[in-house]
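Participant: Structure below; questions to follow.
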Amino acid sequence: MDWNLLGLSFVAVFISELGDKSQLAAIALGGSSSSPKAVFLGTAGALVLASFLGVALGSGTAQILPEKLVKGIAAIGFATIALQLLWVSDENGA
Amino acid sequence: MTDSTLDSSSATADEAVAAGTTAESAVRSDSGPDSGPNSEKTNFWGVFSSTFLTIFLAELGDKTQVTTLMMSAESQSPWTVFIGAALALISTSLIGVLLGQWLSTRVSPRTLDTLAAVVLLVITITLVADVMGV
């Protein structure tokens, strides 16, 4: 086990993920959700799986899937959660 | 880009609806008839799947993260690189959720829900801007 490489990889990815949109999503979802444990497992699982696919497939999944399609679906997902949050907070504040 | 996106448009509509339906259970509801261990379990999986789906798709479309990983994977041991990256990703996810939890103790649920919605909408706009090539 090349510990230097492991540490380097950890630090590089950690710094690049800090403040990344996936972490912002984790903060937003984690604070507002009814199940923060599920948010953590979902976020960590999704990120690890995406990285795993990137390493395993070797060419980067971005080249295999139509990028616009994938981002478009993700955008719809985030927007849906956001609108649900606004709808619920309106109910609570009424 | 190719026109293959048109062929799978109906499939994506189904996926979007599925993501939206499971997303409904992701939001905290202080009122309602849900109670008991059964609905808690359903709720957990609802939150898990909507979170997993949206973040997974957002990350797949993000070239920079995969490129970074691939560049370092040119090294002798790509799986060592992967383990380091996976640990970092798990750590940042944990920090994010804990930060969100801490914030929920500082502000009212309504304020937090609104703030969270704004953040998610900003992410949405960023993704849409990427798609449109802005």
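The values are calculated or read from the model by the stated rules, or taken from the named source; none is laboratory data. Quantities reported herein were computed from a predicted structural model and do not represent experimental measurements. Reconstructed Cβ throughout: ideal geometry from the backbone, glycine too, with neighbour counts over all protein chains shown. Only protein heavy atoms, including side chains, enter the accessible area calculation; ligands, DNA and RNA are left aside. Shrake-Rupley method; radii C 1.70, N 1.55, O 1.52, S 1.80 Å.
Participant: When Cβ neighbours within 10 Å are restricted to other protein chains, what is their mean count per residue of peptide B:123-133?
Facilitator: That average works out to 6.
Participant: State, in square angstrom and to the nearest 100, the accessible area buried between chains A and B, both chains counted, probe radius 1.4 Å.
Facilitator: Values: alone 7700 and 11290 Å², together 11460 Å².
The contact between B and A buries close to 7500 Å².
Participant: Sticking with this one: Averaged over B:99-112, how many beta carbons belonging to a partner chain fall within 10 Å of each residue's beta carbon? Mind dumping the intermediate values first?
Facilitator: Numbers: counts 5, 13, 7, 3, 5, 5, 1, 1, 1, 3, 6, 8, 2, 5.
Shielding by partners across B:99-112 averages 5.
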